[in-house]
1. When the chain is fully extended, how far beyond the present Cα-Cα distance does VAL125 get from SER106, taking 0.36 nm per residue of separation?
2. Is any helix in the chain, taking whole DSSP H runs, at least 18 angstrom long along its axis by alpha carbon and on average at least 1.6 on the Kyte-Doolittle scale, and which ones?
3. Can I get the semi-axes of the chain's equivalent ellipsoid? Compute them from the C-alpha gyration tensor as square roots of 5 times the eigenvalues, in angstrom, largest first.
4. Students often check this: by mean Cβ neighbours within 10 Å, which of 89-101, 70-82, 27-39 ranks highest, and how do the rest follow?
5. To the nearest 500 deg cm²/dmol, what mean residue ellipticity at 222 nm is calculated for the chain from DSSP H runs of n ≥ 4 alone, each contributing -39,500 (n - 2.57), summed and divided by the residues?
6. Can you give the FRET efficiency to the nearest 0.05 for LEU46 and ALA132, using r as the Cβ-Cβ distance and R₀ = 25 Å?
7. Using +1 at the C-beta of Lys and Arg and -1 at the C-beta of Asp and Glu, which of ALA62, SER84, HIS94 has the Cα lying farthest in the positive direction of the dipole of the stretch 57-142?
8. Two decimals, Cα atoms only, Kirkwood Rh: what is Rg/Rh over the stretch 4-82?
Amino acid sequence: MERARTVWEEGREPAFAVVALGLAVALTAVVLDVWLFGDVGLLFDLAFVALCVALALRVRPADFFVVGVLPPLLMLVVFVLLGSTRPDTIAEPHDGAVQAVVSGLSTHSAALVSGYLLCLACLFVRQRVLTANGQPTDLLGS
């Protein structure tokens, strides 16, 4: 009889799908946060941390590296988009685009660090579980 797979063994999505999902969910969280509260705040932070964990659990083992570097890049892309279109949602109304991005990253640094650490922890545990179960884990994607 075959044993049931654990949550650590379930992820099978390719990198491009996980990146697209991450960008879509992060931008959706931004839209909801701005719509409900007028700026990017706690809702985005909580969604971002949960998203980082979810992406680490969804990706296939061969694409661990992509998700391992994704959280900071994801937040940067979102804030560059906001800084160039709606800088007042992540910074002071008079700040320029670059200052808005820097302010947004510094304001939301706790969510970034938390999400990134949890993402890396999930990837580490997944790697250990897959190795312990004798499953192939090609981290180079070849």
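1. Full-extension gain reported as 4.0 nm.
2. Both cut-offs are met by 15-37, 42-58, 64-85.
3. Value: 33, 13, 12 Å, ordered largest first.
4. Ranked by mean Cβ neighbours within 10 Å, highest first: 70-82, 89-101, 27-39.
5. That calculation yields -23500 deg cm²/dmol at 222 nm.
6. Given R0 = 25 Å and the Cβ-Cβ separation, E is 0.20.
7. ALA62
8. When Rh is taken as the Kirkwood radius, the ratio is 1.02.
None of the figures in this text is laboratory data; all of them are computed from the coordinates on show. Since we're looking at a predicted model, the values are computed, not measured. Cβ atoms come from the backbone with ideal geometry, glycine included; neighbour counts cover every protein chain shown.
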